[in-house]
Amino acid sequence: MISKSNKKRLIVQRLLFITILSAILLNFPIIAAVTRAEFIIGLPILFIYIFSIAVALIIATAVIIRKIK
């Protein structure tokens, strides 16, 4: 059984992981690797990459926060 303090610590660790992951995925070298003059459905790949990462991070944060309740 996980105690309340351990559960809170685990949630904080997961949120910290998401923060670090977002900093890595939205860092210049990664974005530079994605920057191309190609389009998917009329949108540049860079826009699709940034939007997808943002949506994934928001969903992951929401799932972790929901576990608190």
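When the Gaussian network model of the chain links Cα atoms closer than 10 Å, the mean-square fluctuations of Phe47, Phe39, Phe17 top out at Phe39.
Would you please state which residues of region 32-64 a label at Ser22 would reach in this model, taking the label point 7 Å out along Cα→Cβ and a backbone N cut-off of under 15 Å? Inside the label zone: 50-64. Rolling a 1.4 Å probe over the heavy atoms of the protein chains gives the chain an accessible area of 83 Å² per residue. Within the listed set Leu25, Leu15, Leu43, the residue fluctuating most in the Gaussian network model of the chain (springs between alpha-carbon atoms under 10 angstrom) is Leu43. Pop out the carbon and sulfur fraction of the accessible area of the chain as a percent, whole number, probe 1.4 Å. So the carbon and sulfur contribution to the accessible surface is 74 percent.
Taking Cα pairs under 8 Å and at least six residues apart, what relative contact order does the chain come out at, in percent?
Averaging sequence separation for qualifying contacts and normalising by length gives 37 percent for the chain.
The values are calculated or read from the model by the stated rules, or taken from the named source; none is laboratory data. Owing to the predicted nature of the structure, the values given are computational and were not obtained by experimental measurement. We place every Cβ from the backbone using ideal geometry, glycine too, and count neighbours over all the protein chains shown. Note: accessible area is taken over every heavy atom of the protein model, side chains too, but ligands, DNA and RNA are not part of it. Shrake-Rupley method; radii C 1.70, N 1.55, O 1.52, S 1.80 Å.
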